[in-house]
Amino acid sequence: MHIFIIEDEQLIRQELKILLENALYQVTAPPAFASVTHVTQQVLDTAPDLVLLDINLPDISGFDICTQIRRHMDVPIIFLTSRMSPMDELNGLLKGGDDYITKPYQPPLLLARIAAVLKRTQGMASREITLFTRNDVSLDIAKCCLSRKEQNVDLTKNEMKILHLLFQHPGTFVSRMDLIEYLWENRIFIDDNTLSVHVAKLREKLKSIGVEDFIETKRGMGYRI
Amino acid sequence: MKLTDFLRDKEMLLLLHLVCMCLAAAFLRLTGYSRTNTILFLTLWLLLLAAWLLVTFVRRRKFFREAQRILGKVDQRYLLSELLPDSIRLEDRLYREMLHRSNKSCIERIRQIEEKQRDYKEYIESWVHEIKAPITGIALLCNNRRGIAAQSTISQNVESSGQTASETASVSKTDYLTISLENQKIENYVDMVLYYARSEEVYKDYLIRETSLEDVIYEILDKNHLLLIQNHVQADVNCQSTVYTDRKWVAFILNQILQNSVKYRSENPLLRIRAKRKDNSVLCIFEDNGIGIREEDLSRIFDKGFTGSNGRDNGRSTGMGLYLCKKLCDRLGIGLFAESEYGVGTKLYLEFPVSSYIKDVRKARV
């Protein structure tokens with residue numbers, strides 16, 4: 001997936017590029033915007049899958065760029081802007097934008113909305129793995145259960161999310177903070193102590209299917225499987 | 001205007017007439033007029049004078065009554081000089097001319113101040129938009145660096161190389177977290193400025209549409225997740241209602257309430273956010289188990305600049321948050337009430353009206 005960033009603030013451009021690259025997108029972010037036609041030409045040459053467009057650019061307006069791009073190609077466009085009046089939002093959508101995100105944005109939210117637009121426009125099936133296995137123990141996301149050989153045990157939503165993240169990073173420690181953040185992103189709003197309770201319950205469930213010491217704890221580092 | 005007041009006003013004139021009458025009577029008597037004739041002459045004089053005074057009084061009273069009536073009817077009272085009834089009297093015309101000039105300068109001054117205020121407001125709004133770029137930059141940078149720091153901690157740990165290196169990495173991770181949190185505070189204060197500047201003219205800037213309360217709640221919880229996790233807050237959300245309102249403004253209001261709950265938290269903070277359907281409204285209940293509000297403070301929490309005993313103990317209150325919430329709620333037609341038990345927790349109720357018209361239209365469509 002190729003994303004084209006049109007943003008004049010150097011810091012935001014650079015950090016946005018890092019953020020998207022970390023999320024495994026290919027990113028093009030030109031540093032200068034001479035004119036509307038020039039930028040449009042750049043976009044056409046690159047043929048990206050998605051354009052992130054700032055509205056307030058020096059001398060030119062993002063709305064004009066959007067109109068120009070729309071004349072030539074049908075690439076999805078997301079407006080990123082600090083303007084926030086309903087008129088601007090309406091204007092953006094009328095000019096052919098696919099989404100409108102106001103600054104300052106939350107990085108996870110931004111990534112989620114980019115993914116949503118890409119999914120909608122490309123019909124891209126999410127490549128999410130639903131079955132994880134490590135040391136005989138497998139986690140079935142679809143069935144929400146944990147199994148070893150023939151033995152099964154059902155998980156609650158919270159427990160499954162905890163294991164989901166751990167299974168995504170086998171062999172590395174996942175800090176408690178990262179775990180809680182991940183849970184919050186998945187709309188499970190719990191605190192540190194409750195996390196400990198859930199992990200203790202998980203250990204019991206693991207024990208019931210005959211697995212011990214599957215989740216390793218290290219003080220100050222977090223959990224590892 | 002009373003007759004006695006009027007007569008007192010004409011004191012000097014009456015005195016003059018009295019003196020003239022005395023002189024005239026003395027003169028007539030001396031020049032040989034009879035007593036009856038002199039009395040007749042004086043009576044005639046008095047009658048004429050009385051008639052003249054009466055007519056003047058009635059006309060003046062009519063004029064001022066009319067002016068009073070106009071003054072009572074117009075809402076911009078400084079425009080009186082334009083509306084005064086016509087008068088042939090020189091004094092009236094002169095006063096009117098002076099009033100006119102004085103008012104003109106007053107109106108000019110008002111325009112000037114209005115313009116200045118508008119300029120200032122526009123500047124504040126554009127400033128807020130400008131400041132959001134660096135805030136976004138800092139937020140993104142911290143988020144990225146935090147990720148990198150986390151990765152390096154893990155990899156260094158796996159290789160179990162150099163204890164010090166991993167220590168510095170983990171220190172910088174918490175530093176980035178702290179910067180992120182402080183940055184969010186800045187963002188929040190900046191938002192308050194923007195909404196304060198706009199609070200007078202909500203109607204210019206809203207877009208009423210069907211809004212899912214749950215989505216708004218999730219949005220503000222997401223936005224504040226670092227702050228909430230840092231403070232060990234748990235949240236329980238159950239609000240599957242939709243309301244007709246402006247999403248952005250409601251998000252701002254709920255965000256202020258959330259900030260307060262975090263600021264005045266106690267042990268094991270828990271937020272419970274629920275929605276209740278009522279006949280003609282949807283009630284959103286935002287409950288925390290924080291330190292609560294003292295009974296004597298409760299009625300004043302929505303006042304501007306009121307910090308209460310909690311605020312004084314806390315030392316960081318500006319008394320603006322809830323004041324703004326109330327103001328915006330009033331503008332949006334949302335009811336806002338608080339209930340609290342000191343030491344137990346606080347409940348804030350947001351009551352969103354549901355128009356029966358919309359319900360009817362919907363029913364008709366179904």
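The values are calculated or read from the model by the stated rules, or taken from the named source; none is laboratory data. Quick caveat, the model's predicted, so the values are computed rather than measured. Ideal geometry is used to build each Cβ from the backbone, glycine not excepted, and the neighbour counts take in all protein chains shown.
With respect to residue A:47, determine if the residue is without any contact (Cβ under 8 Å) to a residue 12 or more places away in the chain and of a type in the set (A, V, I, L, M).
No.
Condition (residue is over 14 Å from residue A:199 (Cα atoms) and within 14 Å of chain B (Cβ to nearest Cβ)) applied to region A:151-168: is it met by at least one residue?
Yes: region A:151-168 contains one or more residues that are over 14 Å from residue A:199 (Cα atoms) and within 14 Å of chain B (Cβ to nearest Cβ).
Would you please list the contacts, defined by Cβ atoms under 6 Å and residues six or more apart or on different chains, that run from a residue in region B:319-336 that is surrounded by fewer than 19 Cβ atoms within 10 Å (Cβ to Cβ) to a residue that is β-branched (Val, Ile, Thr)?
Pairs found: B:319/B:307; B:331/B:202.
Quick one: in region B:262-296, of everything that is of a type in the set (S, T, N, Q) and within 21 Å of residue B:245 (Cβ to Cβ), which residue is surrounded by the fewest Cβ atoms within 10 Å (Cβ to Cβ)?
Only one residue fits best here, namely B:280.
Tally up the residues in region B:235-285 that are more than 25 Å from the chain's Cα centre (by Cα), within 13 Å of residue B:217 (Cα to Cα) and β-branched (Val, Ile, Thr), please.
The qualifying residues number 3.
Here is a list: A:138, A:147. Which entry is outside the structural domain of residue A:55 (by TED's automatic domain parsing) and without any contact (Cβ under 8 Å) to a residue 12 or more places away in the chain?
So the residue among A:138, A:147 that is outside the structural domain of residue A:55 (by TED's automatic domain parsing) and without any contact (Cβ under 8 Å) to a residue 12 or more places away in the chain is A:138.
The rows are residues; the columns are (1) of a type in the set (Asp, Glu); (2) over 30 Å from residue B:222 (Cα atoms); (3) more than 31 Å from the chain's Cα centre (by Cα).
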{"site": "B:44", "(1), (2), (3)": "no, yes, yes"}
{"site": "B:80", "(1), (2), (3)": "no, yes, no"}
{"site": "B:88", "(1), (2), (3)": "no, yes, yes"}
{"site": "B:97", "(1), (2), (3)": "yes, yes, yes"}
{"site": "B:112", "(1), (2), (3)": "no, yes, no"}
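For (1) more than 26 Å from the chain's Cα centre (by Cα); (2) at pLDDT below 85; (3) not acidic (Asp, Glu), each residue gets a yes or a no:
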residue	(1), (2), (3)
A:4	no, no, yes
A:7	no, no, no
A:13	no, no, yes
A:24	no, no, yes
A:29	no, no, yes
A:35	yes, yes, yes
A:66	no, no, yes
A:71	yes, no, yes
A:77	no, no, yes
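Taking residue B:250 as meeting all but one of (1) in contact with a strand residue (DSSP E or B) (Cβ under 9 Å, 6 or more places away or on another chain); (2) within 13 Å of chain A (Cβ to nearest Cβ); (3) buried (at least 17 other Cβ atoms within 10 Å of the Cβ), write down the number of the exception.
(2)
Hey, among A:113, A:71, which residue is basic (Lys, Arg), away from chain B (no Cβ under 14 Å) and outside any loop (DSSP other than H, G, I, E, B)?
So the residue among A:113, A:71 that is basic (Lys, Arg), away from chain B (no Cβ under 14 Å) and outside any loop (DSSP other than H, G, I, E, B) is A:71.
Considering each residue of region A:192-225, count those that are in contact with a Gly (Cβ under 9 Å, 6 or more places away or on another chain), within 12 Å of chain B (Cβ to nearest Cβ) and not in a strand (DSSP E or B), and give that number.
Qualifying residue count, region A:192-225: 0.
Please work out which residue is nearest to residue A:129 (Cα to Cα), limiting yourself to region A:178-208 and to residues that are without any contact (Cβ under 8 Å) to a residue 12 or more places away in the chain and surrounded by 18 or more Cβ atoms within 10 Å (Cβ to Cβ). Give the steps one after another, and end with the answer.
Filtering region A:178-208 for residues without any contact (Cβ under 8 Å) to a residue 12 or more places away in the chain gives A:181, A:184, A:187, A:189, A:191, A:193-194, A:196-197, A:200, A:204, A:207.
In the following step, the residues that additionally are surrounded by 18 or more Cβ atoms within 10 Å (Cβ to Cβ) were identified as A:184, A:189, A:191.
Values: A:184: 21, A:189: 24, A:191: 27 Å.
Restricting to residues being without any contact (Cβ under 8 Å) to a residue 12 or more places away in the chain and surrounded by 18 or more Cβ atoms within 10 Å (Cβ to Cβ), the top hit is A:184.
Select the helices (runs of 4 or more DSSP H) contained entirely in region B:1-97, then report the ones holding at least 3 residues which are closer than 30 Å to residue B:111 by Cα and hydrophobic (A, V, I, L, M, F, W, C).
B:35-73
Select from region A:19-60 the residues that are within 14 Å of chain B (Cβ to nearest Cβ) and either surrounded by 21 or more Cβ atoms within 10 Å (Cβ to Cβ) or within 28 Å of residue B:127 (Cβ to Cβ) (or both) and list them in ascending order.
Scanning region A:19-60 gives A:19, A:20, A:29, A:52, A:54, A:55, A:56, A:57, A:58.
Quick one: which residue in B:157, B:144 is closer than 21 Å to residue A:82 by Cα, more than 40 Å from the chain's Cα centre (by Cα), modelled with pLDDT under 90 and within 12 Å of chain A (Cβ to nearest Cβ)?
On the way: B:157 fails: closer than 21 Å to residue A:82 by Cα.
Every option except B:144 fails the conditions.
Please identify the pairs in which a residue from region B:1-19 that is aromatic (Phe, Trp, Tyr) has its Cβ atom under 7 Å from the Cβ atom of a residue that is part of a helix (DSSP H, G or I) and at pLDDT 95 or above, counting only partners at least 6 apart or on another chain.
none
Go through (1) surrounded by fewer than 19 Cβ atoms within 10 Å (Cβ to Cβ); (2) more than 14 Å from every other protein chain (Cβ to nearest Cβ) one by one and return the number of the condition residue B:307 breaks.
(1)
Sort through A:127, A:120, A:83 and tell me the only one that's within 14 Å of chain B (Cβ to nearest Cβ), modelled with pLDDT under 85 and not in a strand (DSSP E or B). Working first, answer last.
On the way: A:127 fails: within 14 Å of chain B (Cβ to nearest Cβ); A:120 fails: within 14 Å of chain B (Cβ to nearest Cβ).
After ruling out the rest, the residue left standing is A:83.
State the number of residues belonging to region B:208-230 that are within 11 Å of chain A (Cβ to nearest Cβ), surrounded by 15 or more Cβ atoms within 10 Å (Cβ to Cβ) and not in a helix (DSSP H, G or I).
Result for region B:208-230: 1.
Condition first: within 30 Å of residue B:328 (Cα to Cα), part of a helix (DSSP H, G or I), within 12 Å of another protein chain (Cβ to nearest Cβ) and at pLDDT 90 or above. Can you find one or more residues in region B:170-183 that meet it?
Yes, there is a match, as at least one residue in region B:170-183 is within 30 Å of residue B:328 (Cα to Cα), part of a helix (DSSP H, G or I), within 12 Å of another protein chain (Cβ to nearest Cβ) and at pLDDT 90 or above.
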